[in-house]
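The values are calculated or read from the model by the stated rules, or taken from the named source; none is laboratory data. What you are looking at is a predicted structure, and each value in this text was computed from that prediction instead of being measured. Note that each Cβ is placed from the backbone with ideal geometry, even for glycine, and that neighbours are counted across all protein chains shown.
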Amino acid sequence: MKFFPLVFLSSFFCFSQNQYPKDYFVPPLEVPMQLSGNFGELRPNHFHAGFDFKTNQKEGLNVHASAEGYVSRIKIASGGYGKAIYITHPNGYTTVYGHLQKAVGAIQNKIEELQYAAKSYEIEEYFKPNELPVTKNQIIAISGNTGGSEGPHLHFEFRDSKTEKIINPLFFGLDLKDTKKPIVSGVYVYPIDENSVVNESKIPVMLSLSLQKDGTYISDKVLASGKIGLGINSADWDDVSYNANGAYKTQLISNGTPIFGYELDQMQFDDARYVNALIDYGRYKKTHQRVQKLFMKNPFNWSNIYQNVANGIYDVTPNFTSSQRIEVSDFNQNKTVITVPIQYSNQPAKVLNPIKPTNYFVKAKVDALFEKDNFSVFFPAGTFYDDFYLNFEVKNKVLILHEDTVPAHTNFTITATDEKASDEEKKKMFIASYNGKKWTYNPTKLNGNSFTSKAKTLSQFALMRDTIAPKIKIDKNIEGKWISDQKSISLTISDDFSGVKTYNGYLNDQWILFEYESKLNKITHVFKDSLLFEGSNKLKVIVTDNVGNSTIFETQFNRSQK
């Protein structure tokens, strides 16, 4: 993903189209390709890194290796991509398959071997070329809904094996029929600073659009003074997926000269969070609308994917009259064009900016340390994209650190002190944050009387203590029962405050694998004959929360191996 002038856009597009193999890879599923998410689509706190293939709203579809190669990495986690397999191919690319229900064959055997060796459901392992080879179209897994998935689907990526840059799958010939233009549902104009006025307003204004005979659109006229910027709300549809995805390319052109633009071709995984710099984050948090800003106030904070570009900001002075052009395109070059007329006006603002200055001003390029009562907060330079007035106060032992309307790109540090709690009480204490509904645990370090935690979201914070152990409940009572035909056993585990940190199961005093589905708070063990006794068997499960409170569940059941 890059921001650059149009002259580079054109040459890059041709180069990108030609440098990738178009017939080397095959689709990873047997069903027709439909997308529930495309490359670069705007997601909470990240640009989407690949394709999300629909799986007919169910799990259990065969997942095929898209080309020959070898399994170079396996990662199993309760969040993120859940169960994920990475296959490195001899032509220099790696494909990624995420949210799997399970692997199959030798790959599944290796996963279980690693989990039992580590005594952990969550594992990550890298492999050499001769360890787990695969052939093109080989069934490597079954599709699922593990990790951070919100419904059954297959997450699929292409990466450059050397640089690990993630590449738009459309470059590899995985085309979907697409004859539809992107849709722009709104154009917005933004006053950039306190001296700017747009259509008699000091806050952003939405412009109405009118369809022209040639298929383009024209917006309401912008009457402005001072520095202003534009934004859009856009989406794209193809002919077969039947849901909105992200647009591929956006350009802002001023009097024939490109002054801002981005094209979703590739990105580094670590750059995905820059989505919060692109969108109007405050509006998104309040309305769930992702308006993409076509300007940047502070290029200092932007990653190297946004280079060689003007900042997209207009300085509207007397005699300024111009028509700006916004072009939004998909990969197949279906294009929506919008003209935005802008004219200078000295009309005063009737709508004022509700933001009031505070005693705490954060400069994005400078370290900042604020202290009050028993709290301190340190923001390293580059934590935020833009300067802003911070709401910082302590009430009833709660730190009010603004609200989640200003995005942080990197972690900041919160420190709280407590000189009254005993050493034993401190072991159960942590810095909690309020997510709008409840207080949640933040990983916290204790040094003497000081508690320190990292955070990436402005919120409310408080020192809290958790003395309540987790809960364990078996889904189906088996105490003293014969369950010879039962293939698995499931338990629900939960912790009301600091959250589950570890869980371990033991069958006849041997560690056994429980798979964790965090969305359901459920752990499941699939019985293996080699671990079972004829007759009586003992099961023990230990669950521990993040501050060391533990609960033990024990039961006995009977099993016949005959």
(message) Please pick out the residue among Lys395, Lys372, Lys356 that is under 28 Å from Leu294 (Cα atoms) and either in contact with a helix residue (DSSP H, G or I) (Cβ under 7 Å, 6 or more places away or on another chain) or among the charged types (D, E, K, R) (or both).
(response) Lys356
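Each row is one residue, and each column tells you yes or no for (1) of a type outside the set (A, V, I, L, M); (2) part of a loop (DSSP other than H, G, I, E, B); (3) within 23 Å of Asp373 (Cβ to Cβ).
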position: Lys454; (1), (2), (3): yes, no, yes
position: Leu463; (1), (2), (3): no, no, yes
position: Gly480; (1), (2), (3): yes, yes, no
position: Asp496; (1), (2), (3): yes, yes, no
(message) Contact list please: Cβ distance under 7 Å, first residue in the stretch 258-274 and under 15 Å from Asp160 (Cα atoms), second residue modelled with pLDDT of 90 or more and among the small types (Gly, Ala, Ser), pairs at least six apart or on different chains.
(response) Phe269/Ala49
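Pick from Thr163, Thr250: which is within 23 Å of the chain's Cα centre (by Cα), outside the structural domain of Glu59 (by TED's automatic domain parsing) and β-branched (Val, Ile, Thr)?
When all the criteria are applied, what remains is Thr250.
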(message) I need every pair where a residue in the stretch 69-90 that is touching a residue at least 24 places away in the same chain (Cβ under 8 Å) has its Cβ under 7 Å from the Cβ of a residue that is of a type in the set (S, T, N, Q) and not in a strand (DSSP E or B), sequence separation at least 6 or different chains.
(response) Ser78/Ser518; Gly79/Ser518; Gly82/Thr146; Gly82/Ser149; Lys83/Thr146; Thr88/Ser161
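Given Asn435, Asn411, Asn332, which one is of a type outside the set (A, V, I, L, M, F, W, C) and closer than 27 Å to Ile232 by Cα? Before you say what the answer is, go through the steps one by one.
Values: Asn435 fails: closer than 27 Å to Ile232 by Cα; Asn411 fails: closer than 27 Å to Ile232 by Cα.
Exactly one of Asn435, Asn411, Asn332 is of a type outside the set (A, V, I, L, M, F, W, C) and closer than 27 Å to Ile232 by Cα, namely Asn332.
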(request) Would you mind stating whether Lys213 is assigned to a loop (DSSP other than H, G, I, E, B) and over 28 Å from Leu170 (Cβ atoms)? (result) yes
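If you scan the stretch 35-58, which residues turn out to be more than 19 Å from Ala272 (Cβ to Cβ) and surrounded by fewer than 19 Cβ atoms within 10 Å (Cβ to Cβ)?
Filtering the stretch 35-58 down to residues more than 19 Å from Ala272 (Cβ to Cβ) leaves 53-58.
Asn56, Gln57, Lys58, listed by residue number.
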(request) Looking at (1) loosely packed, with under 15 Cβ neighbours inside 10 Å; (2) among the polar types (S, T, N, Q); (3) not in a loop (DSSP other than H, G, I, E, B), find the lone condition where Thr544 falls short. (result) (1)
(request) Tally the residues that are touching a strand residue (DSSP E or B) at 6+ places or on another chain (Cβ under 6 Å) and closer than 16 Å to Phe39 by Cα, restricting the search to the stretch 249-268. (result) 6
(request) Of all residues in the stretch 354-395, count the ones that are within 30 Å of Lys420 (Cα to Cα) and part of a strand (DSSP E or B). (result) 14
(message) If a residue must be buried (at least 18 other Cβ atoms within 10 Å of the Cβ) and polar (S, T, N, Q), how many such residues does the stretch 462-500 contain?
(response) 1
(request) Could you tell me which numbered condition Phe430 fails, if it satisfies all but one of (1) without any contact (Cβ under 8 Å) to a residue 40 or more places away in the chain; (2) part of a strand (DSSP E or B); (3) of a type outside the set (S, T, N, Q); (4) under 30 Å from Val541 (Cβ atoms)? (result) (1)
(message) Could you check the stretch 126-144 and list, in sequence order, the residues that are surrounded by fewer than 20 Cβ atoms within 10 Å (Cβ to Cβ), more than 11 Å from Ile87 (Cα to Cα) and among the polar types (S, T, N, Q)?
(response) Asn130, Asn137, Gln138
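Whether any residue in the stretch 336-350 is closer than 30 Å to Asp239 by Cα, under 28 Å from the mean Cα position of the chain (by Cα) and modelled with pLDDT under 95 is what I want to check. Walk me through it before giving the result.
Here is the first cut: in the stretch 336-350, the ones closer than 30 Å to Asp239 by Cα are 336-340.
Filter once more, keeping what is under 28 Å from the mean Cα position of the chain (by Cα): 336.
Then drop every residue that is not modelled with pLDDT under 95, which leaves none.
Within the stretch 336-350, none of the residues are closer than 30 Å to Asp239 by Cα, under 28 Å from the mean Cα position of the chain (by Cα) and modelled with pLDDT under 95.
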(message) Being in contact (Cβ under 8 Å) with a residue 12 or more places away in the chain, within 30 Å of Asn109 (Cα to Cα) and surrounded by fewer than 20 Cβ atoms within 10 Å (Cβ to Cβ) narrows it down to one residue among Lys177, Lys162, Lys181, Lys221; which is it?
(response) Lys162
(request) Tell me which residues, restricted to the stretch 328-353, are assigned to a strand (DSSP E or B) and crowded, with 18+ Cβ neighbours inside 10 Å. (result) Val328, Ser329, Thr336, Val337, Ile338, Val340, Ile342
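Only one residue in Phe451, Phe392, Phe430 is closer than 30 Å to Ile192 by Cα, buried (at least 18 other Cβ atoms within 10 Å of the Cβ) and not assigned by TED's automatic domain parsing to the domain that holds Ile552. Which one? Give the derivation first.
Details: Phe451 fails: closer than 30 Å to Ile192 by Cα; Phe430 fails: closer than 30 Å to Ile192 by Cα.
Of Phe451, Phe392, Phe430, the one residue that is closer than 30 Å to Ile192 by Cα, buried (at least 18 other Cβ atoms within 10 Å of the Cβ) and not assigned by TED's automatic domain parsing to the domain that holds Ile552 is Phe392.
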